[in-house]
Amino acid sequence: MKTLLAMAAIGAVTLAACGSSGSSSPRPSPQRCDADTHRHLIGTRADALNFPPGSNVRVVCTTCASTQDFQRDRLNIRFDQATGLVTAVDCG
C-alpha cells in the first residue's frame, strides 16, 4: 500500500510539472519568405550571392539532391550547375 501511495505521489508531482505556468507567451508563427522581392537575382551568378548570417536561405542547384522539407519562411534560390546562374527563386 505504501508503494502504491508513493507511486501516486510521484505521478501527481510529474503531472504538475507538465502543467502550464501561465507565463509562457505564444510562439510566433514563421513568416512567409518574400520570393517576389528576390526575383531580380534570376540570371546572376550563384557564387556572388551574399545574405546576412542567420538568414533562412537555401542555395541549391536545380539538378542536385536536396531535402524535401517545406519551410514556408525559407527562401530557395535555385541555380543551374553548368552555368552557375540563378534560374528560380521560391519559398519552401
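Numbers at a glance
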| read-out | value |
| --- | --- |
| Fraction of accessible area attributable to carbon and sulfur, the stretch 26-83 (%, probe 1.4 Å) | 52 percent |
| Chain lengthening between residue 45 and residue 68 when straightened (0.36 nm per residue, less Cα-Cα) | 5.9 nm |
| Accessible area per residue in Å² at 1.4 Å probe, computed on the stretch 36-82 | 70 Å² |
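The values are calculated or read from the model by the stated rules, or taken from the named source; none is laboratory data. Because the structure is predicted, anything quoted here is derived from the model rather than measured. Side chains included, ligands, DNA and RNA excluded: accessible areas come from the protein's heavy atoms. Shrake-Rupley method; radii C 1.70, N 1.55, O 1.52, S 1.80 Å.
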